[in-house]
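Just so you know, all these numbers are worked out from the coordinates, no wet-lab data involved. Since we're looking at a predicted model, the values are computed, not measured. Here the Cβ positions follow ideal geometry from the backbone for every residue, glycine too, while neighbour counts run over all protein chains shown.
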Amino acid sequence: MTGPHTELLAHDPVAAIRWKDDGLELLDQRVLPARESWLRLESATDTAAAIRDMVVRGAPAIGVTAAYGAVLAVREAVKNDPVGWREVLGPLLQVLRVARPTAINLGWSLDRMERRLQTVEHEPVAAALAEAIEIHEQDKFRNRRIGLNGAPVIEHGSTIVTHCNTGSLATGGFGTAMSVIRAAWEDGRVASIYVDETRPWLQGSRLTAWELSRCNVPARLIVDGAAASVMREARRGWAIVGADRIAANGDVANKIGTYALAVQARFHGFGFMVAAPTSTVDLGTAQGSAIPIEQRDGAELTAGQAWQLPPGIGTHNPVFDVTPAQLIDCIVTEQGVHRPPFAVSLAEACESAAASAE
Ligand code: MRU
């Protein structure tokens with residue numbers, strides 16, 4: 001990577017996924033920032049459970065984890081049946097595939113692992129591991145590019161509001177929206193950064209605040225409901241978020257609350273930027289209404305509280321929402337900055353990504 005921004009994002013102080021001593025290790029995000037505890041996984045089933053239980057979360061991180069989970073699946077399948085391992089493998093990969101429904105990176109990564117395994121003749125475990133490592137390294141490279149592509153869009157003196165966690169914890173490394181924020185900060189473009197706490201799982205207050213602090217980037221934590229007032233006072237800036245799945249028309253599924261942030265940004269004259277690798281673009285899904293939205297246990301809404309819900313009060317806990325394309329000013333991928341009409345610009349981005357992979 002060359003050019004005036006070469007030193008930006010040169011170092012990543014946070015890592016959440018590692019392959020070590022022939023096993024997969026994940027930094028347990030359920031207990032951050034109180035404890036930095038690594039969990040070791042030896043099977044695909046355990047990996048699927050870790051994704052489902054949010055030991056690891058964030059669309060690209062789920063994709064990278066699933067790739068290593070597929071390596072564990074191949075190892076298990078070969079051990080059970082050295083000749084007919086492909087038949088044993090299918091159901092194990094399926095367990096990984098359905099671990100969480102919204103982030104397309106999970107299926108994207110497993111499709112890629114399956115394509116590689118279709119052609120392998122010898123040493124399938126080694127081939128699978130090489131592919132998983134490539135997926136991981138490629139994600140880091142793409143995320144750095146996202147930061148370098150997105151930062152110049154941010155005008156000097158901008159106030160930034162971000163939602164959820166989109167940093168190294170949520171990806172193979174460097175982050176998506178976080179990569180743009182870091183690069184823009186390091187480039188002197190940012191006046192202040194506000195981090196939505198991101199109810200109910202608190203990805204913002206527990207994870208983004210911790211990561212920004214690790215990167216020596218100062219920020220202020222706000223409750224989700226404060227974002228509109230912050231924008232009104234700041235007058236100019238950008239809301240910058242990641243994505244779990246981007247439909248062909250540019251509709252974006254991301255953490256619940258993203259849609260509200262986009263409405264508020266448009267009302268207050270803030271720009272709205274979505275940052276994601278092309279592996280998050282799902283050209284097979286025409287529009288946002290077709291994206292499956294994960295519903296999680298309503299207990300998440302009252303977790304850690306000293307009180308309980310009174311009788312007769314239920315919960316509704318969709319953990320993602322869809323922001324319509326018309327509220328989005330630009331989508332930044334490793335291929336560049338894409339503007340409306342997204343049906344055209346995203347198709348071109350995916351085409352160049354495919355061409356550069358050949
Ligand atoms: O439920 P989570 O924590 O997996 O949701 C994560 C998000 O919504 C992120 O914003 C998204 O995956 C982009 S992360 C680079």
For the stretch 145-158, in residue order, the Karplus 3J(HN,Hα) values (coefficients 6.51, -1.76, 1.60; θ = phi - 60°; whole Hz; Gly and Pro = x) are 4, 4, x, 6, 6, x, 4, x, 6, 7, 5, 4, x, 6
Quick one: what does P(r) look like for the stretch 147-357 with 5 Å bins over all Cα pairs, in whole %?
1, 8, 16, 20, 21, 16, 10, 6, 2, 1, 0, 0
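Taking 0.36 nm per residue of sequence separation and subtracting the Cα-Cα distance, how much length would be gained by fully extending the chain between ALA130 and ASP224, in nm to one decimal? Please report the intermediate quantities before stating the final value.
Values: separation 94, 0.36 × 94 = 33.84 nm, distance 4.10 nm.
Going from the current span to full extension adds 29.7 nm.
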Residue among VAL95, VAL274, VAL195 with the largest mean-square fluctuation in a Gaussian network model of the chain, springs linking Cα atoms under 10 Å:
VAL95
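Given axes a ≥ b ≥ c from the Cα gyration tensor, I'd like to know whether the stretch 77-184 is rounded (a/c under 1.5), prolate (a/b larger than b/c) or oblate. Write down the numbers at each step before the final one.
On the way: a/c = 4.18, a/b = 2.53, b/c = 1.65.
The shape class here is prolate.
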GNM of the chain, Cα pairs under 10 angstrom: of ALA67, ALA227, ALA303, the biggest fluctuation goes to ALA303
Highest mean packing first, using Cβ neighbours within 10 angstrom, the peptides 243-253, 82-92, 143-153 sort as 243-253, 143-153, 82-92
Highest GNM mean-square fluctuation, the chain, Cα pairs closer than 10 Å: which of SER158, SER289, SER179?
SER289
Whole-Hz Karplus couplings 3J(HN,Hα) for the stretch 314-323, θ = phi - 60° and coefficients 6.51, -1.76, 1.60, Gly and Pro as x, run x, 9, 9, 10, x, 9, 9, 9, 10, 8
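Using unit Cβ charges (K, R positive; D, E negative) and no other charged atoms, how large, in debye to the nearest 20, is the dipole of the stretch 212-358 about its Cα centre? Working shown, then result.
Values: 10 positive and 14 negative charges, 138 e Å.
It comes to approximately 660 debye.
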Collect residues whose amide H, placed 1.01 Å from N in the peptide plane, falls under 5 Å from the amide H of VAL161; neighbours closer than 5 in sequence don't count.
TYR194, TRP238, ALA239, ILE240
Based only on other Cβ atoms within 10 Å, what is the fewest-to-most ordering of THR323, THR102?
THR102, THR323
Restricting to DSSP H runs of at least four residues, report the calculated mean residue ellipticity at 222 nm for the chain, -39500 (n - 2.57) per run over all residues, nearest 500 deg cm²/dmol.
-12500 deg cm²/dmol
What whole-number volume per residue, in cubic angstrom, does the convex hull of the C-alpha atoms of the stretch 129-219 give?
86
Distance (nanometres) between label positions extended 7 Å along Cα→Cβ at SER37 and ALA306
2.5
In degrees from 0 to 90, rounded to the nearest 10, what is the angle of the helix 342-357 Cα long axis to the longest principal axis of the chain?
40
Cα extents of the stretch 8-143 along the principal axes, largest first, in whole Å, come to 45, 31, 30
For the stretch 125-141 versus the stretch 62-111, the gap between their alpha-carbon centres in whole angstrom:
14
What is the angle, in °, between the Cα long axis of helix 258-267 and the longest principal axis of the Cα atoms in the chain? Nearest 10 is fine, range 0 to 90.
30
Please enumerate, by chain and number, the lysines with C-alpha under 24 Å from the C-alpha of LYS79, excluding those fewer than 8 residues away in the same chain.
LYS20
Please list the non-local residues whose amide H lies under 5 Å from the amide H of HIS338, H modeled 1.01 Å from N, same-chain partners needing a gap of 5 or more.
ILE331, VAL332, THR333
So what is the diffusion coefficient of the chain in µm² per second by Stokes-Einstein at 25 °C and 0.890 mPa s, using a Kirkwood Rh over Cα pairs?
119
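State to the nearest 20 debye the size of the charge dipole of the chain about its Cα centre, where the only charges are +1 on K and R beta carbons and -1 on D and E beta carbons.
So the magnitude is around 860 debye.
Exposure proxy check: ASP111, ASP12 ranked by fewest other beta carbons within 10 Å?
Values: ASP111 12, ASP12 20.
Placing the least packed residue first, the sequence is ASP111, ASP12.
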Can you tally the net charge around GLN335? Count Lys and Arg as +1, Asp and Glu as -1, for every other residue whose Cβ sits under 12 Å from the Cβ of GLN335.
-1
